[in-house]
1. In the list 293, 284, which residue meets the criterion of being modelled with pLDDT under 95 and either within 16 Å of the ligand (Cβ to nearest atom) or not in a helix (DSSP H, G or I) (or both)?
2. Exactly one of these conditions fails for residue 112: (1) farther than 28 Å from residue 383 by Cβ; (2) surrounded by fewer than 16 Cβ atoms within 10 Å (Cβ to Cβ). Give me its number.
3. Can you find a residue that is open to solvent by 10 Å² or more (accessible area, probe 1.4 Å) and β-branched (Val, Ile, Thr) anywhere in segment 431-439?
4. Taking segment 265-293 only, how many residues are surrounded by fewer than 19 Cβ atoms within 10 Å (Cβ to Cβ) and of a type in the set (Lys, Arg)?
5. Given the conditions (1) within 16 Å of the ligand (Cβ to nearest atom); (2) in contact with a His (Cβ under 8 Å, 6 or more places away or on another chain); (3) under 20 Å from residue 380 (Cα atoms), and given that residue 15 satisfies all but one, which numbered condition is not satisfied?
6. So which of 178, 248, 238 is more than 16 Å from the ligand (Cβ to nearest atom), polar (S, T, N, Q), more than 20 Å from residue 270 (Cβ to Cβ) and buried (at least 17 other Cβ atoms within 10 Å of the Cβ)?
7. Every residue in segment 57-95 that is in a strand (DSSP E or B), among the hydrophobic types (A, V, I, L, M, F, W, C) and buried (at least 21 other Cβ atoms within 10 Å of the Cβ), please.
Amino acid sequence: MTMKTRLITGGLVVSAYGVYPADVWIEGEKIKVLGAPGAFAGQEFDETLDASGKLVLPGLIDPHLHFNSPFMGTISVHDFKNGTAAAAHGGITTLIDFSTQPKGGSLMANLAQKEEEAGGRTYIDWSMSGILLDASPQTLEEIPQLIQAGVPTYKCFTTYKHSGRLMEDSGILKILETTARHGGMLMVHCEHDAIIERLIEKELAAGHYAPIYHARTRPPEAENLMIQRLIDLVRQVTAPVYIVHTSTAESVQIVSQARASGLPVHNETCTHYLALTEEKLLGPQAQFFICSPPLRQQRDVDALWAGLANGCVETVGSDDAGVPTVDNLRLGQGRFDKVPSGMSGIEARLSILYTEGVCKGRLSLPRLVEITSTNVARLFGLYPQKGHLSPGADADVVVYNPQGTWTMTAKTLHMNTDFCPFEGWQIQGHVDTVISRGADVIRSGQLVGQPGHGQRVFRKLNA
Ligand SMILES: [Zn+2]
């Protein structure tokens, strides 16, 4: 069988290790080889893509999003079709959604159901992480099955007790033991529930209902305390943990110190914690900016950027979880504690990180690739299949044109929502072409891929 050959010429290839001019030879679904500019001039290709003046990056991987997710009486705006289309517009070629254990039920059964939902509907490759609601003997038995099924990561919450999602320390310890034995990684949403619940009671009693009280009742201390406590649990039972959406300045220090002491503790932040502050909770549309953990202050934003630059923060996810704005208003009833939290951001990550990070000197190009692709691939068991442009890897490629500016709005994006957290932001450059396993998904900024091209990726963590 002859496979289609493509050459991407004239571009600047960006890897986690550097930036260099190179031509990229794609054969079928894989990268065949990279060469100096012009090195393959004598070869014939089925197709040649001129990337002169453009950046050639490994496709981005989003490790944190919620598609088709029921939450607080509504459901998130993105499904596997429109969500993966918006993701592709944002330069993403692989995403990892969540499969939630039904209360008291089987995670494996839910995983099968999620596969049914996603199968044949995605423009790009995908996987799942589990969400564990309990640490029952049945759940603990299912963890190795999950790992065997190519889903070696699973998350628990230390908050949301009222909706039955809080995992007690005893449960976390048991899950860590199973994780250590079978080679998985536990993702944890760290916020100390009792602090938050008590503060909410007090503010509501004082008649404080406005969106800013969402931030006041989920203070940085609640997050910092829980991160420290999780690390202390990992000191008891050592297994890899990945702290999702860290948002505070202190978290950067706490986690990097734990890692420096040899513990396998990893941390993620999200686009919105790098670009927005809690002032949004005082402005117009405040209740659409409610997310957990809440938006913080400029000192936190600055510390997260510094942590990304110096390696103390390892990845950036989107935590895409917006609900329809009509549902946000209807269910919120003018009370911060009733608003279904979460924002849509699956498409904005690369644009915001490039504009606010690279163009403002806060992030190097290699580091941009590392935190959005290479590190995610390594931590989530997608490497060496994904996360870099090297011979044998999947031909997942983003061609980014750094020239020109545009205004990000709900209308200029392709997300299934009329609210954009970054409305009106000036963006430098744009996603020109996105290739998933050798096939164009986005060409000249237009969606040309097919739902059903995307495949589930079997993930396996490195020992
Ligand atoms: Zn999330």
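1. 284
2. Of the numbered conditions (1) farther than 28 Å from residue 383 by Cβ; (2) surrounded by fewer than 16 Cβ atoms within 10 Å (Cβ to Cβ), the odd one out for residue 112 is (1).
3. Yes, some residue in segment 431-439 is open to solvent by 10 Å² or more (accessible area, probe 1.4 Å) and β-branched (Val, Ile, Thr).
4. Total satisfying the criteria: 0.
5. (1)
6. On inspection, the qualifying residue turns out to be 178.
7. 57, 60, 61, 65, 92, 95, listed by residue number.
Every residue, every condition in (1) open to solvent by less than 10 Å² (accessible area, probe 1.4 Å); (2) over 18 Å from the mean Cα position of the chain (by Cα); (3) at pLDDT 95 or above; (4) not assigned by TED's automatic domain parsing to the domain that holds residue 245, yes or no:
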{"residue": "344", "(1), (2), (3), (4)": "yes, no, yes, no"}
{"residue": "348", "(1), (2), (3), (4)": "yes, no, yes, no"}
{"residue": "356", "(1), (2), (3), (4)": "no, no, yes, no"}
{"residue": "361", "(1), (2), (3), (4)": "no, yes, yes, no"}
{"residue": "370", "(1), (2), (3), (4)": "no, no, yes, no"}
{"residue": "388", "(1), (2), (3), (4)": "no, no, yes, yes"}
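The values are calculated or read from the model by the stated rules, or taken from the named source; none is laboratory data. Only a predicted model underlies this, so the values are computations on that prediction, with no experimental measurement involved. Cβ coordinates were reconstructed from backbone atoms using ideal geometry, including for glycine residues, and neighbour counts include every protein chain displayed. These area figures cover heavy atoms from the full protein model, side chains too; ligands, DNA and RNA do not enter into them. Shrake-Rupley method; radii C 1.70, N 1.55, O 1.52, S 1.80 Å.
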